[in-house]
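A.B. asks: I'd like to ask you about the structure that follows.
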Amino acid sequence: MTEEKKAKLKALTKIKLLADKAGIHHVYLSRILKGKEQASAERAELLANLANQLTLQEGYFVPSDFREEEG
């Protein structure tokens with residue numbers, strides 16, 4: 001995830017709320033956002049959808065923001 005997108009996400013919602021909605025620990029989500037962990041494809045899709053809902057964006061956050069796409 002770019003620094004711009006991270007800043008927008010943090011400005012528009014709480015990371016803990018996003019983690020709670022996704023059913024994961026906020027520390028794990030923080031590690032994903034810092035690039036220290038990678039979400040599964042399914043979890044990345046969920047996180048992108050939830051991030052868009054919580055920030056009232058449409059299509060701004062995408063699964064690759066939460067996981068490096070292979071290939």
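A.B. asks: Please list, by residue number, every one of the trypsin sites (Lys or Arg not before Pro) in the range 8-55 that is coil in DSSP and has at most 12 other beta-carbon atoms within 10 Å.
C.D. replies: Passing sites in the range 8-55 are Lys14, Lys34, Lys36.
A.B. asks: Follow-up question, since we're still on this one. Please compute the length gained on full extension between Thr2 and Glu37, using 0.36 nm multiplied by the number of residues separating them and subtracting their Cα-Cα distance.
C.D. replies: Full extension from Thr2 to Glu37 adds 11.1 nm.
A.B. asks: Work out the P(r) tail for the chain: percent of alpha carbon pairs separated by more than 18 Å, whole number.
C.D. replies: Tail fraction, whole percent: 24.
A.B. asks: What does the charge count around Ile24 come to, taking other residues whose C-beta lies under 11 Å from its C-beta (Lys +1, Arg +1, Asp -1, Glu -1)?
C.D. replies: Every neighbour counted, the sum reads +2.
A.B. asks: Only loop residues by DSSP count here, and only those with at most 12 other Cβ atoms within 10 Å; note down the GluC sites (Glu not before Pro) in the range 2-71 that meet that. Working shown, then result.
C.D. replies: Details: sites: Glu3, Glu4, Glu37, Glu42, Glu45, Glu58, Glu68, Glu69, Glu70; in loops: Glu37, Glu58, Glu68, Glu69, Glu70.
Here the sparse-neighbourhood loop sites are Glu58, Glu68, Glu69, Glu70.
A.B. asks: Taking amide hydrogens as modeled 1.01 Å from N in the peptide plane, which residues meet the under 5 Å criterion relative to Thr55, leaving out close sequence neighbours?
C.D. replies: Correct list: empty.
A.B. asks: Which net charge results for the neighbourhood of Lys10, defined as the other residues with beta-carbon distances under 14 angstrom from its beta-carbon, given Lys and Arg at +1 and Asp and Glu at -1?
C.D. replies: Spelling it out: positives minus negatives among the neighbours equals +3.
A.B. asks: Let me ask something else about it. Taking only complete DSSP H runs, can you tell me which helices of the chain stretch 15 Å or more along their own long axis by Cα positions and average at least -1.0 on the Kyte-Doolittle scale?
C.D. replies: Helices meeting the criterion: 41-54.
A.B. asks: Here is a follow-up. Pairs of alpha-carbon atoms within less than 8 angstrom and 6+ residues apart define the contacts here; what relative contact order does the chain have, in percent?
C.D. replies: Across the chain, relative contact order equals 33 percent.
Here, each number is a calculation from the coordinates, and none is a lab measurement. All of these numbers come straight from a predicted model, not from anything done at the bench. So basically every Cβ, Gly included, is an ideal-geometry build from the backbone, and we count neighbours across all protein chains shown.
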